[in-house]
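For reference, the structure is listed below as structure tokens.
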Amino acid sequence: MKTDKELFVICTKEDSYIFECVERINRYHPDADILIVDSDSDDKNYMQTINKNYKNVMVSEFKNKNYEYGAILHGFLNYKNKYDVFFFIQDSIILNEKIDLHQMDEKSALVFYDCKDGWKNWRQPRDTAKRQYPDFFNHPTYVSANKNFNVQYNSFIIYSSAFNKCIDSEIFSLVGPPKNKIGSINWERLWTSVLLANNIEIKLLKNAEKYITKIFGDRK
């Protein structure tokens, strides 16, 4: 049975970001639950600290090898019948304030950053995606993401019913999980097109810099 609670699904690779990420979520969304999906990191000692100090945080033992994509699918498929709203984020995205969900509804998804002009810097991953998934780009319902906000950092907020529609769709079935970092970057574009193809409007979080800080660092 679903509740009106929110579930944050956090993809993490190492513990240098995860504690502040969790701390800020608890500060600004104290009634939410949190699921941490570890991306098959070598050092998992942080899990014990998390489990000890945060009662509303679940740490998955799932051996995720597919970056944010793997965390998103694992979290959603296991909890879609329990939560109405899902926050899919990287551990390097830090909340500054409570996010106002009135900016979205069950026919939209909320993204954090405007990257329309940034596509010129992503030509290589974009072309790689087309070579890897030609059937996806030739699908009748495919909608180009070039002129829309993309799901940057594979991070977005969506209602369970809207996302379930997307992952049950034929166009989603044409793509597979990323095998490397470039593949994960491809999925920033692919999520966008899957959402648009299923008539889910992509909305930019207004005054995103007020709500969100993105920490940049080296990641494998």
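Look through 162, 197 and report the one residue that is hydrophobic (A, V, I, L, M, F, W, C), touching a Ser or Thr at 6+ places or on another chain (Cβ under 6 Å) and at negative phi.
Just a single option satisfies the conditions, and that option is 197.
Could you check region 127-184 for helices (runs of 4 or more DSSP H) lying wholly inside it with 1 or more residues that are among the hydroxyl-bearing types (Ser, Thr, Tyr) and more than 14 Å from the chain's Cα centre (by Cα)?
160-167, 170-173
Taking residue 58, is it of a type outside the set (Gly, Ala, Ser) and at pLDDT below 85? Let's see the steps before the verdict.
On the way: of a type outside the set (Gly, Ala, Ser): yes; at pLDDT below 85: no.
For residue 58, the condition - of a type outside the set (Gly, Ala, Ser) and at pLDDT below 85 - is not met.
Restricting attention to region 67-83, does a residue exist that is farther than 23 Å from residue 190 by Cα and under 17 Å from the mean Cα position of the chain (by Cα)?
Checked region 67-83: at least one residue is farther than 23 Å from residue 190 by Cα and under 17 Å from the mean Cα position of the chain (by Cα).
Find the residue count for region 61-117, including only residues that are in contact with a Pro (Cβ under 6 Å, 6 or more places away or on another chain) and of a type in the set (A, V, I, L, M).
Matching residues across region 61-117 total 0.
Would you mind finding the one in 4, 40 that is open to solvent by 10 Å² or more (accessible area, probe 1.4 Å), in a strand (DSSP E or B) and not basic (Lys, Arg)?
4
Here is a check on your reading of the model: is residue 164 out of contact with any strand residue (DSSP E or B) (no Cβ under 6 Å at 6 or more places or on another chain) and either basic (Lys, Arg) or more than 24 Å from residue 83 (Cβ to Cβ) (or both)? Give the derivation first.
Details: out of contact with any strand residue (DSSP E or B) (no Cβ under 6 Å at 6 or more places or on another chain): yes; either basic (Lys, Arg) or more than 24 Å from residue 83 (Cβ to Cβ) (or both): no.
No: the conditions fail for residue 164.
Would you check which residues across region 179-194 are of a type in the set (Gly, Ala, Ser) and either crowded, with 22+ Cβ neighbours inside 10 Å or under 14 Å from residue 72 (Cα atoms) (or both) and list them?
Correct list: 184, 193.
Can you tell me which condition residue 207 does not meet? The list is (1) under 24 Å from residue 22 (Cβ atoms); (2) in contact (Cβ under 8 Å) with a residue 12 or more places away in the chain, and all the others hold.
(2)
Please verify whether residue 45 is open to solvent by less than 70 Å² (accessible area, probe 1.4 Å) and either touching a residue at least 60 places away in the same chain (Cβ under 8 Å) or farther than 18 Å from residue 155 by Cβ (or both), treating the condition exactly as stated.
The answer is no for residue 45.
Among the candidates 167, 171, single out the residue that is surrounded by 16 or more Cβ atoms within 10 Å (Cβ to Cβ), at pLDDT 95 or above and β-branched (Val, Ile, Thr).
171
Looking only at residues that are farther than 18 Å from residue 152 by Cβ and acidic (Asp, Glu) in region 55-105, which one is surrounded by the fewest Cβ atoms within 10 Å (Cβ to Cβ)?
61
Just name the residue that is modelled with the highest pLDDT out of those in region 195-214 that are touching a strand residue (DSSP E or B) at 6+ places or on another chain (Cβ under 6 Å) and in a loop (DSSP other than H, G, I, E, B).
200
The values are calculated or read from the model by the stated rules, or taken from the named source; none is laboratory data. Predicted model only: the values in this text are computed from it and were never measured. Here Cβ is always computed from backbone atoms with ideal geometry, including for glycine, and neighbour counts include all displayed protein chains. Heavy atoms of the whole protein, side chains included, go into the accessibility calculation; ligands, DNA and RNA do not. Shrake-Rupley method; radii C 1.70, N 1.55, O 1.52, S 1.80 Å.
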